[in-house]
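Some notes on the structure that comes next.
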Ligand SMILES: Nc1nc2c(ncn2[C@@H]2O[C@H](COP(=O)(O)OP(=O)(O)OP(=O)(O)O)[C@@H](O)[C@H]2O)c(=O)[nH]1
Ligand SMILES: [Mg+2]
């Protein structure tokens, strides 16, 4: 008898591939939400493992806030070239121009919240019935509660009180017209699992995940990249710092951490020793105790 | 390193969420910013210490009411193991969420409030643990601090639970006296209970052997997706993609495709860029056969020497999970792995009275009812008995009017 217990990364990988193939089998028009961050890059790798040598049975969809790190967009375009899959981009700027959302003002203005509208419009425009996302349950306490197949109503809303039972590895993706399902294949991965997987698979990442020199300001106790997208005033002192990013959202809401980690091994060591959670570096979660739950109820990723 | 998935069960307020919070806290798994949020929260224990239950009670409604409504998943690791915990609700109204958390777990922690002993929910959850075939059970007698850390209390409840375990056929049961609130015997051994010689909960979880006694011969792989690139250079490529449910497949094995019954031989196995000669339960693979046969999603590849049961009429245990009661006049959809077929409930054999575990005649099935039914499916279903091969012995029922998952099914017998 050969071995029965898979190593943890193999088990997580096999589970994610199974989920991706269920999406392919159960839905008419799925899409993979690609943010350019390490979790969605991991999803792309998993999709290659699930469907190669065939094509992905879904396009990649990027909701572009217009406030991106340049490195992420460069990376995105190179990756699309390499894998030869279709990319659809939904622009927050278009939603603003069409008057569907109004740009925030003030010091802490960010386009993060506006993304939801662009996302929902993009879903409606292409008629996507399933959107694969790279959210993990270890990220945040409301996410810890979400099913792998998470049904959203016509308005994209998550209703935590009416989640379907999700039994064994059987996923019920049946929906009514207008509804869609958000699917999270790496729900059971931790941040460290993702990094260990990136290392094992020798995956490429945008350079901003590794330590580099950058102009920063300190805002609400956190290091933010100085950029035209951040409303700065005289009080903000720009300093050159050696930093890296643990998570990649848009430039106005993702904080940097001081770091010398230039190699994957350094990053893994840094995260293992870290006393701050990944989302501790995101201003959008700091607003209130239920910030994420409220955004999800409103249709957020 | 491997992963142990476990869940906590027990009645409302027995301390499940607090216990998990304690496990995380005492293993240093809570990060500074999360701790800060806990300290800032206005839900505190009576003595002003932080309430560890809010670590898993992540929804606003849960924090407001101080109860768990839906499963929360938490992750931590020690040097020995990685753990995935499902913190499930104790409230009877949310039993379906408890079953959700339990269905993928290998080990159950059942909490009992030492002041109350075995209560109705203890029995219900233990019964579900036995139905779901979860082999490893740890009973934590919690709130020992409130009964003076008394050995007598511990022994009395243990005796009572042992009788229940025997009745339910639970095989491996371990008892640990704990205080989730104070931390006794959760991660650190207690100073208040010298009479207890066993390990703390964490040490037990780190060392318990959960290696599956897997049904090695029962090789089964539901086809989820057929990979057909249809490009010039891969013109004849036709791979059957799926996750092996049980057993193992080898190159040159004779396999049968069900329900069609056609057979062929495995030509090669692919796991992305690897070409293993053998693949086994849990792996997601792509299988190529020597012959061209018509295979599509919902079909299952099985070892030709060990065929599953095949029937349209099946006796199954059923947990009803929907607010609308079961209606034997309508047609449901039965989803068995990747296969969906129409299904009717032909007969209710019995319903279980949770207090007495007695089997009663019944004419209806309502939310949270558990019992035995006979069902009839539109297509013949290749399945194994749940007791022999869990992975191929379970299914869900979907109400096509609402699309909701309304029941969990465990196959017990072929019927006629
Ligand atoms: N004295 C004492 N109190 C405890 C202990 N464990 C939990 N409690 C208290 O019991 C109450 C309920 O605890 P929870 O952890 O929320 O209970 P639960 O089992 O998760 O409840 P549900 O999820 O709603 O079913 C809280 O006030 C806890 O502080 C213990 O060991 N000793
Ligand atoms: Mg609880």
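Scan the stretch B:93-106 for residues that are near ligand 1 (Cβ under 10 Å from one of its atoms) and touching a helix residue (DSSP H, G or I) at 6+ places or on another chain (Cβ under 9 Å) and the total you get is 1.
For the stretch B:397-406: of the residues being facing chain A (nearest Cβ under 9 Å) and either under 17 Å from the mean Cα position of the chain (by Cα) or under 13 Å from residue B:384 (Cα atoms) (or both), which is surrounded by the most Cβ atoms within 10 Å (Cβ to Cβ)? Even if it seems obvious, please write down each step before you answer.
Taking the stretch B:397-406 and keeping what is facing chain A (nearest Cβ under 9 Å), we get B:398, B:400, B:402-406.
Now narrow it down to the ones that are either under 17 Å from the mean Cα position of the chain (by Cα) or under 13 Å from residue B:384 (Cα atoms) (or both): B:405-406.
Details: B:405: 26, B:406: 28.
The extreme case among them is B:406.
Considered as a group, the residues in the stretch B:28-75 that are in contact with a helix residue (DSSP H, G or I) (Cβ under 7 Å, 6 or more places away or on another chain) and over 19 Å from residue A:144 (Cα atoms) include one that is modelled with the highest pLDDT, and that residue is B:50.
Residues being within 10 Å of ligand 1 (Cβ to nearest atom) and within 11 Å of another protein chain (Cβ to nearest Cβ): count how many of those fall in the stretch B:72-88.
Filtering the stretch B:72-88 down to residues within 10 Å of ligand 1 (Cβ to nearest atom) leaves B:72, B:87-88.
After this cut, where a residue has to be within 11 Å of another protein chain (Cβ to nearest Cβ) as well, the list is B:72, B:87.
The number of residues fulfilling the criteria is 2.
Selection of the stretch A:152-172 for residues being in contact with a strand residue (DSSP E or B) (Cβ under 6 Å, 6 or more places away or on another chain) and either at the interface with another protein chain (Cβ under 8 Å from one of its Cβ atoms) or more than 24 Å from residue A:117 (Cβ to Cβ) (or both) yields A:164, A:165, A:167, A:168, A:170, A:171, A:172. Across the stretch A:55-111, the number of residues qualifying as in contact (Cβ under 8 Å) with a residue 24 or more places away in the chain, assigned to a helix (DSSP H, G or I) and more than 26 Å from residue A:130 (Cα to Cα) comes to 2.
Within the stretch B:308-328, can you find the residues that are part of a loop (DSSP other than H, G, I, E, B) and in contact (Cβ under 8 Å) with a residue 60 or more places away in the chain? Walk me through how you get there before you give the answer.
From the stretch B:308-328, those part of a loop (DSSP other than H, G, I, E, B) are B:308, B:321-328; that's our starting set.
Selection gives B:308, B:321, B:322, B:324, B:326.
Residue count for the stretch B:27-61, restricted to those that are within 13 Å of ligand 1 (Cβ to nearest atom) and touching a residue at least 24 places away in the same chain (Cβ under 8 Å): 8. The residue of the stretch B:171-187 that is farthest from ligand 2 (Cβ to nearest atom), among those that are touching a strand residue (DSSP E or B) at 6+ places or on another chain (Cβ under 7 Å) and touching a residue at least 60 places away in the same chain (Cβ under 8 Å), is B:177.
When the stretch B:14-51 is examined, which residues are found to be within 14 Å of ligand 2 (Cβ to nearest atom) and either closer than 22 Å to residue B:208 by Cα or crowded, with 19+ Cβ neighbours inside 10 Å (or both)?
If we filter the stretch B:14-51 for residues that are within 14 Å of ligand 2 (Cβ to nearest atom), which is where we start, we get B:14-24, B:43, B:51.
Hits for the stretch B:14-51 are B:14, B:15, B:16, B:17, B:18, B:19, B:20, B:21, B:22, B:23, B:24, B:51.
Checking the stated criteria, residue B:182 turns out to be within 10 Å of ligand 1 (Cβ to nearest atom) and either under 17 Å from the mean Cα position of the chain (by Cα) or closer than 22 Å to residue B:53 by Cβ (or both).
If you check residue B:237 against the conditions, is it in a loop (DSSP other than H, G, I, E, B), surrounded by 15 or more Cβ atoms within 10 Å (Cβ to Cβ) and assigned by TED's automatic domain parsing to the domain that holds residue B:297?
Details: in a loop (DSSP other than H, G, I, E, B): yes; surrounded by 15 or more Cβ atoms within 10 Å (Cβ to Cβ): yes; assigned by TED's automatic domain parsing to the domain that holds residue B:297: yes.
Considered against the rule, which asks whether it is in a loop (DSSP other than H, G, I, E, B), surrounded by 15 or more Cβ atoms within 10 Å (Cβ to Cβ) and assigned by TED's automatic domain parsing to the domain that holds residue B:297, residue B:237 comes out as yes.
So is residue B:67 within 13 Å of ligand 1 (Cβ to nearest atom), surrounded by fewer than 21 Cβ atoms within 10 Å (Cβ to Cβ) and in contact (Cβ under 8 Å) with a residue 24 or more places away in the chain or not? Considered against the rule, which asks whether it is within 13 Å of ligand 1 (Cβ to nearest atom), surrounded by fewer than 21 Cβ atoms within 10 Å (Cβ to Cβ) and in contact (Cβ under 8 Å) with a residue 24 or more places away in the chain, residue B:67 comes out as yes. Checking each residue in the stretch B:107-137 for being within 15 Å of the chain's Cα centre (by Cα) and in a strand (DSSP E or B) picks out B:107, B:108, B:109, B:110, B:136, B:137. Taken together, the residues in the stretch B:203-234 that are assigned to a loop (DSSP other than H, G, I, E, B) and out of contact with any helix residue (DSSP H, G or I) (no Cβ under 8 Å at 6 or more places or on another chain) amount to 19.
The values are calculated or read from the model by the stated rules, or taken from the named source; none is laboratory data. Everything quoted here is computed from the prediction, not taken from an experiment. Cβ coordinates were reconstructed from backbone atoms using ideal geometry, including for glycine residues, and neighbour counts include every protein chain displayed.
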